[in-house]
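Everything on this sheet refers to the single structure shown next.
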Amino acid sequence: MKLPVVFLYFLLFTTVGCSSPSTVHLYAKFLKQAEINKIKNSLTQAEMLVEVNRLPFPNSIGDNTLIYAPSKGSKQQAEQVMNLLNQLGIVIDNTGLILASNHSFSANNMGLYIVPDDIVARNAIHVEQKYNIPLINEYAARDCQNTSTLILQKNGQFRIEEDIWDASRKLYNEHVFKGTWKLKEGNFLFLASQQLDFTLIFERAPFSRKIEEGLLQGYQFLPMTTYSKMNNAGRIYCTYEISQVL
């Protein structure tokens, strides 16, 4: 099993000394017993204590996450955990300074949350909905340079299909962008692709507007910055939306 990226979150606590082995609290709600054993054995062999539970994840966690309280020696211990996870195929992709809802750990304790590939988008699917429209869906562009459609797939992959008009041939040429997507903090969509020079970041927001047939309500993905329309990222980095008429 190849596990997705690990995001490292630091909790702000008073610095205290620590010299005893770290206790890793493994949140294994989505793991099979064989996967639990593999992680537990690796950490135990490194003289770490491991406590396994199947408690619910905080709403803010949708990816593999390691939480710990900064204290004397804790950074080195966290790096050791991350190195061991890397050896198991859990690749560290990013670090952040974000609290994980009401989950916190005292000095010399860590929280390890694992989300396997096959449910990478599952937490995002259950994000609180103002309108009953599934997140996994197709979204039409409103203000792109060309006609474009954003497709979010259950496996954490995305497609952007761009139709470019060829005046000389009088037909549309389809250009497809593929990559991976993640929804962070419930409202921020990250699209990463080897075809793009930048990670595209959108804010997800509900909207409503009156039309002749009634009230149009739905969700928009709004660009968080701007890129030149002359490059690939700029052409498809625009507002995407899905809606229903009430």
Quiz prompt | Cα-projected label distance for Ala34 with Val176, points at 7 Å along beta-carbon direction, nm | solution = 3.2 nm
Quiz item: Taking the highest mean first, how do the peptides 139-150, 164-175, 43-54 order by number of other beta carbon atoms within 10 angstrom per residue?
Solution: 139-150, 43-54, 164-175
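Assuming R0 = 30 Å, what is the FRET efficiency of Gln80 and Gln194, from their Cβ-Cβ distance, to the nearest 0.05?
Numbers: r = 31 Å, r/R0 = 1.03.
Using R0 = 30 Å, I get an efficiency of 0.45.
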Quiz item: Any idea how far apart Ile136 and Arg169 come out in nm if each label point goes 7 Å out from Cα toward Cβ?
Solution: 3.4 nm
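Rule-based calculations on the coordinates, nothing more; no lab input. A quick note: this is a predicted structure, and the numbers were derived from the prediction, not measured. As a convention, Cβ positions derive from the backbone with ideal geometry for all residues, glycine included, and neighbour counts pool all protein chains shown.
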